[in-house]
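Below is one structure; the comments refer to it alone.
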Amino acid sequence: MRDGIFRHVRARPRLFGAIAIGIAVFLALYGERETTSRFLIAWNVGATVFIVLAVRLMLRSRDEDITQHA
């Protein structure tokens, strides 16, 4: 079972990286804001990180890279 989890993490590094950053932001804001505000800020930061990483991947990919990922 553990191999399955790590396989998913290795297959989607941008997604899990964005999730980790979102969790870190949520925890870093502890005591600063209410829980709902912390969640929304963390969600927005995580989503923005994921979108930036996805766009970066798209801009740097070549046709051969896209075929290999598919």
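The values are calculated or read from the model by the stated rules, or taken from the named source; none is laboratory data. Everything quoted here is computed from the prediction, not taken from an experiment. Quick reminder, even Gly has a Cβ in these numbers, built from the backbone with ideal geometry, and neighbours come from all protein chains shown. With ligands, DNA and RNA removed, areas are computed over all heavy atoms of the protein, side chains included. Shrake-Rupley method; radii C 1.70, N 1.55, O 1.52, S 1.80 Å.
Please determine, in degrees from 0 to 90 and to the nearest 10, the orientation of helix 13-28 with respect to the longest principal axis defined by the Cα atoms of the chain, where the helix direction is its Cα long axis.
Its long axis makes an angle of about 10 degrees.
Modelling each spin label as a point 7 Å along the Cα-to-Cβ direction, I'd like the residue 21/residue 40 distance in nm, to one decimal.
In this crude spin-label approximation the distance works out to 2.1 nm.
At residue 60 and residue 6, where each label point lies 7 Å from the Cα along Cα→Cβ, what is the point-to-point distance in nanometres?
Result: 2.4 nm between the two label points.
Could you tell me what percent of the accessible area of the chain is made up of carbon and sulfur, with a 1.4 Å probe and every protein chain present?
64
Which label belongs to the value computed from this structure, given these candidates for semi-axes √(5λ) of the Cα gyration tensor in Å: (i) 28, 12, 7; (ii) 45, 12, 10; (iii) 29, 17, 6?
Derived directly from the coordinates: (iii).
Could you derive backbone 3J(HN,Hα) for the stretch 37-49 from the dihedral phi with the Karplus parameters 6.51, -1.76 and 1.60 (θ = phi - 60°), listing whole Hz in sequence and x where the residue is Gly or Pro?
Per-residue couplings from phi come out as 5, 4, 4, 5, 5, 4, 4, 5, 5, x, 5, 5, 4 Hz.
Mind grabbing the accessible area of residue 38 for me, 1.4 Å probe, Å², rounded to tens?
20
Keeping every protein chain present and rolling a 1.4 Å probe, give me the accessible area per residue for the chain in Å².
Here the residues of the chain average 87 Å² of exposed surface.
Find, among the GluC sites (Glu not before Pro) in the stretch 18-70, those assigned to loop by DSSP (not H, G, I, E, B) with at most 15 other beta-carbon atoms within 10 angstrom.
Here the sparse-neighbourhood loop sites are 32, 34.
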